[in-house]
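Accompanying notes for the structure given below.
Every number here is computed from the coordinates shown, using simple stated rules; none is lab data. Worth saying up front: this structure is predicted, and the values here are computed from it rather than measured. Methodologically, a virtual Cβ is constructed for each residue, glycine included, from the backbone with ideal geometry; neighbour enumeration extends over all protein chains shown.
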Amino acid sequence: MRRLFMLASLAFLAACSSQPPAPEQAGAGVEDRSPRDLGSVSPVGRDGLYSPDRLKDPKSVLYKREVFFDLDSYTIRDEFKPLLEAHAKFLQANAKYKMLIQGNTDERGSREYNLALGQKRAEAVRKALQLLGAREDQLEAVSVGKEKPRCGEASEECWAQNRRADILYSGEF
Amino acid sequence: MNMQMRTSFRSLSALLALSAGLAHAQLSVEIIGAGANRIPVAVADFPGERIISQALTSVIRNDLDRSGLFRMVDAGSNAIPENAAIAWGDWRSRGADALAVGQVLPTADGRFETRFRLHDIQKQAQLGGTALLHSSSQLRSTGHRIADFIYEKLTGEPGVFSTRIAYVVKSVGRFELQVADADGGNAQAAFASSEPIISPSWAPDGNRIAYVSFQTKKPVVYVHDLAAGRRHVAANFKGSNSAPAWSPDGRRLALVLTKDGGSQLYLVNADGSGVTRLASSAGIDTEPNFSPDGQYIYFTSDRGGSPQIYRIPATGGDVKRVTFEGSYNTSPRLSPDGKSMAYISRNSGRFQLALMDLASKQTQILTDSSKDESPSFAPNGRMILYATEIGGRGVLAAVSSDGRVKLKLPAIGGGDVREPSWGPFAK
């Protein structure tokens with residue numbers, strides 16, 4: 001089982017590195033500064049890269065907690081795979097940590113239907129993390145729909161920022 | 001009761017205490033359109049009615065006027081006692097079809113007795129009358145009851161002036177679930193939170209409201225007892241819990257849970273026990289709404305590729321698609337007689353309130369706005385209350401089910417108003 005996860009991770013990363021950058025770069029907070037050594041599959045937690053204090057370290061990839069989505073899309077864009085890989089490793093290295101994944105949508109349409117769309121985004125993140133080795137009982141996927149927009153203007157740029165899943169750890173929710 | 005529940009009750013009572021002292025956003029009512037054949041009615045001032053600053057008859061006149069079904073005939077400034085002889089010819093020449101007269105008398109125990117009569121000017125006959133005992137603080141509700149009496153005598157259907165509405169007011173960093181008279185007056189906060197509140201839904205008994213609160217950073221369904229000022233969790237499973245809808249007998253809720261993956265429909269007893277799954281789909285199922293006879297649950301699903309409205313027997317079974325036109329139809333709400341369905345339909349990028357006759361499948365767009373949400377029928381089926389946006393601000397609006405009468409109810413003093421739910425007839 002463990003080997004399977006590692007293989008899956010490797011395939012994941014290989015796929016990433018061969019992809020051109022995603023054409024649609026959504027809003028703020030997603031600039032790519034993931035350290036290159038994330039590509040290694042060295043045993044997790046030993047080098048301190050995944051220690052809890054890294055969650056608050058702006059230099060760590062673990063500081064990044066946002067996954068943006070395309071319009072009407074619920075699939076993880078390739079550019080966010082290194083980020084999810086790092087968070088999955090963190091959860092493996094810190095077994096007592098739990099994660100709340102909050103899905104968000106843009107402002108258009110029914111509140112409850114948007115809540116369900118946000119749930120799809122949160123669950124896409126949850127499934128990716130599970131595939132990467134996080135335990136199911138560490139993860140909870142929920143939605144806030146269009147109720148907590150980061151950006152309040154009616155523009156495509158703004159809506160793109162609201163099509164998002166946020167990652168929160170124990171103590172943050 | 002476990003520890004977590006106790007904590008949430010404590011923080012709730014703290015919030016309630018906090019909100020009690022605050023002034024609440026008041027709704028105003030503006031009439032935008034009115035019915036074509038309005039009944040001309042005169043309501044004369046009642047002797048003794050000025051027991052508080054607001055006159056009883058102003059409440060009655062405002063109610064009748066805002067219904068869009070009546071045209072108020074000026075009754076002059078002379079108060080007319082309840083038992084006075086009616087100058088029939090005079091009222092006929094003023095153009096009134098009906099005249100209400102009455103008076104307010106103090107009683108020995110410090111309360112008031114309001115007596116009134118309604119006259120048919122054409123037939124020169126009394127249509128009926130009533131006497132109501134009330135305190136000075138019940139002046140508004142007394143006015144609403146008299147307006148309901150007049151409405152029913154003249155239209156043949158029950159009035160809704162004595163009913164209540166619930167809605168959410170969003171101001172900076174604060175969400176309030178408010179309950180007000182149907183005219184927007186007498187607003188009170190039932191619950192306040194720094195996190196969003198959505199999907200309030202009145203129980204058929206008129207005493208409880210189910211809603212979704214994000215207080216714990218995730219959607220949880222609560223049932224709130226208005227008289228007691230207490231609430232309990234109806235659904236707090238792993239994942240999201242949302243979209244509560246009452247069964248007509250008030251014993252169960254249809255709602256949406258994601259505990260088994262995806263947004264799916266479940267039934268639960270009002271106390272949170274007995275969760276059963278209603279339907280299974282690979283996509284989204286949400287926004288359940290019972291038909292008034294309790295036989296069916298209408299809901300929104302994207303199982304066909306785009307959000308459309310479907311229905312399923314309330315006991316589970318075969319799903320039937322209800323909407324076919326367009327690529328976005330959501331938020332079904334059945335009329336009280338079960339014959340029509342209000343819903344939100346997207347037309348060229350505009351989200352508009354629509355009404356479908358369920359037998360003929362004929363549909364009518366009732367508004368010309370573009371961000372309509374959350375329709376809710378008045379308990380007599382005559383008006384549909386909904387949320388929309390005017391000038392970037394969330395407001396409530398109402399339209400008659402024939403599309404003729406249009407009202408808006410913006411908040412006085414700011415705040416976004418949304419998520420309306422019209423309560424049942426007062427018991």
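Remarks
- Fluctuation leader among B:Ser194, B:Ser213, B:Ser360 - chain B, Gaussian network, Cα springs under 10 angstrom: B:Ser360
- Counting Cβ atoms of other protein chains within 10 Å of each residue's Cβ and taking the mean over peptide A:101-113 gives 6.
- Selected from B:Ala84, B:Ala147, B:Ala44 as most flexible by GNM, with chain B as the system and alpha-carbon contacts under 10 Å: B:Ala84
- Trypsin sites (Lys or Arg not before Pro) within the stretch A:96-173, DSSP loop, no more than 13 other Cβ atoms inside 10 Å: A:Lys96, A:Arg135
- Cross-link partners of B:Lys123 among aspartates and glutamates (Cα-Cα below 15 Å; sequence separation of 8 or more within a chain): B:Asp90, B:Asp97
- The stretch B:301-367: chymotrypsin sites (Phe, Trp or Tyr not before Pro) in DSSP loop, at most 13 other beta carbons within 10 Å: B:Phe324
- Out-of-range pairs (alpha-carbon distance over 28 Å; input A:Lys148/B:Lys427; A:Lys146/B:Lys339; A:Lys81/A:Lys148; A:Lys64/B:Lys217; A:Lys120/B:Lys361): A:Lys148/B:Lys427; A:Lys146/B:Lys339; A:Lys120/B:Lys361
- Farthest towards the positive end of the charge dipole of chain B, among the residues B:Ser345, B:Ala42, B:Thr216, is the Cα of B:Thr216, using unit charges on the Cβ of Lys, Arg, Asp and Glu.
- Restricting the calculation to alpha carbons of the stretch B:39-155 gives Rg and Dmax of 13.3, 42 angstrom.
- The dipole here belongs to the protein assembly as shown: it is taken about the Cα centre, uses +1 on the Cβ of Lys and Arg and -1 on the Cβ of Asp and Glu, and is about 1200 debye.
- When the P(r) of chain B is calculated, the portion above 36 Å amounts to 30% of the C-alpha pairs.
- Loop-located trypsin sites (Lys or Arg not before Pro) in the stretch B:95-174, at most 14 other Cβ atoms within 10 Å (DSSP): B:Arg111, B:Lys123
- Anchor B:Lys408: lysines whose Cα lies under 16 Å away (excluding residues fewer than 8 positions away in-chain): B:Lys371
- Geometric extent, Cα atoms of the protein assembly as shown - Rg, Dmax (angstrom): 27.9, 100
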